[in-house]
1. Within region 50-82, how many residues turn out to be β-branched (Val, Ile, Thr) and touching an Asp or Glu at 6+ places or on another chain (Cβ under 6 Å)?
2. What are the residues in region 153-169 that are without any contact (Cβ under 8 Å) to a residue 12 or more places away in the chain and in a strand (DSSP E or B), if any?
3. Only residues that are small (Gly, Ala, Ser) and modelled with pLDDT of 90 or more: list them for region 37-73, please.
4. Quick one: in region 115-141, which of the residues that are assigned to a loop (DSSP other than H, G, I, E, B) and in contact with a helix residue (DSSP H, G or I) (Cβ under 8 Å, 6 or more places away or on another chain) is surrounded by the fewest Cβ atoms within 10 Å (Cβ to Cβ)?
5. If we keep just the residues of region 142-180 that are in contact with a Pro (Cβ under 6 Å, 6 or more places away or on another chain) and crowded, with 21+ Cβ neighbours inside 10 Å, which is nearest to Leu106 (Cα to Cα)?
6. For region 218-226, indicate whether the set of residues that are at pLDDT 85 or above, touching a Phe, Trp or Tyr at 6+ places or on another chain (Cβ under 7 Å) and not aliphatic (A, V, I, L, M) is non-empty.
Amino acid sequence: MRLTFRLLSVVATISLTLYMSCSSSDEPEPFDCGTSDLAIQLVADNDPTGCGSDDGSIQVSATGGQGPYQFKIGTGAYGSTATFTNLGGGSFNISVKDNRGCEKQLAAVVLTAPSGPVAGTPAIDAQTNCLSPNGSVTANVTGGTPPYQYKLGSGALGSVATFNGLSAGNYVITVEDDAGCSININATVASNTGITYTGEILAIFQAKCQFSGCHPDNGNWFDYNTAKGSAAAIKAHTANGTMPKGGEAAPGGALSADQIMLIACWVDSGAN
């Protein structure tokens, strides 16, 4: 009986120790991506063999930051591959994201298809008005067989090369010449709205998150340095409705569409 009692006591002690070692204080501190040395480099690029051929490719690599890395092309999703194939002519933005959530983007890589249009550097105006997006992109194309037609994303082709009323973000413009050859131009509209943490964002947090458990990542978003380190998560949580917890039933109610846009503008402008 004494032997059995001692073994059970040891098991109970070990179980209690393991349980007590897991606490919310073990969560990693938010990291300020503005201090990251994450970088992305072009390794190789191969032009497509013709204007109707999608056999071009781009290979990149990453250094710094904290691995493992993920990569994406244009407006696509992040994945583990650093080589992008089946590409036609056009300009392409390649981005990297590290294990901390920090992101860096490579300057546009241009692939040129023989006899097809050639992508030049697009003219881009930053978004300066948060609640009434006013960014713009103008495609710049030479070569091929004019006249050209243009479309933004999945829109319809038309004769206008400028697209207005854009929010900050990544866009793809497709350009098709009169011979039916097409290229894709990747463009990034920057955010320059002047939104700041103390000017607009802190007041939103105070109005909507003055209750326990509001912040999904358990961070203190009323502290600027913590909020800045969690900026990407804050944008994601507010955009998908998981912050504040409880939505309309939360003590302060759900965020309005304008408040969500202000938070996104703040993050896109660098979480100033």
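The values are calculated or read from the model by the stated rules, or taken from the named source; none is laboratory data. Just so you know, these numbers come straight off a predicted model, no measurement behind them. Here the Cβ is made from the backbone with ideal geometry for all residues, glycine too, and neighbour counts use every protein chain on show.
1. Summing the residues that are β-branched (Val, Ile, Thr) and touching an Asp or Glu at 6+ places or on another chain (Cβ under 6 Å) in region 50-82 gives 1.
2. Within region 153-169, Gly158 is the sole residue that qualifies.
3. Passing the criteria: Ala39, Ala44, Gly56, Ser57, Ser61, Ala62, Gly64, Gly65, Gly67.
4. Leu131
5. Looking at the filtered set, the residue picked out is Val175.
6. yes
Residue-by-condition table, conditions (1) assigned to a strand (DSSP E or B); (2) surrounded by 14 or more Cβ atoms within 10 Å (Cβ to Cβ); (3) in the same structural domain as Thr121 (by TED's automatic domain parsing):
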site: Asp37; (1), (2), (3): no, no, no
site: Val43; (1), (2), (3): yes, no, no
site: Pro48; (1), (2), (3): no, yes, no
site: Gly52; (1), (2), (3): no, yes, no
site: Ile58; (1), (2), (3): yes, yes, no
site: Pro68; (1), (2), (3): no, no, no
site: Lys72; (1), (2), (3): yes, yes, no
site: Thr81; (1), (2), (3): no, no, no
site: Thr85; (1), (2), (3): yes, no, no
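One line per residue, one yes/no per condition, for (1) over 30 Å from Asp47 (Cβ atoms); (2) of a type in the set (A, V, I, L, M); (3) assigned to a helix (DSSP H, G or I):
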residue: Thr145; (1), (2), (3): no, no, no
residue: Lys151; (1), (2), (3): no, no, no
residue: Tyr171; (1), (2), (3): no, no, no
residue: Ile185; (1), (2), (3): no, yes, no
residue: Phe211; (1), (2), (3): yes, no, no
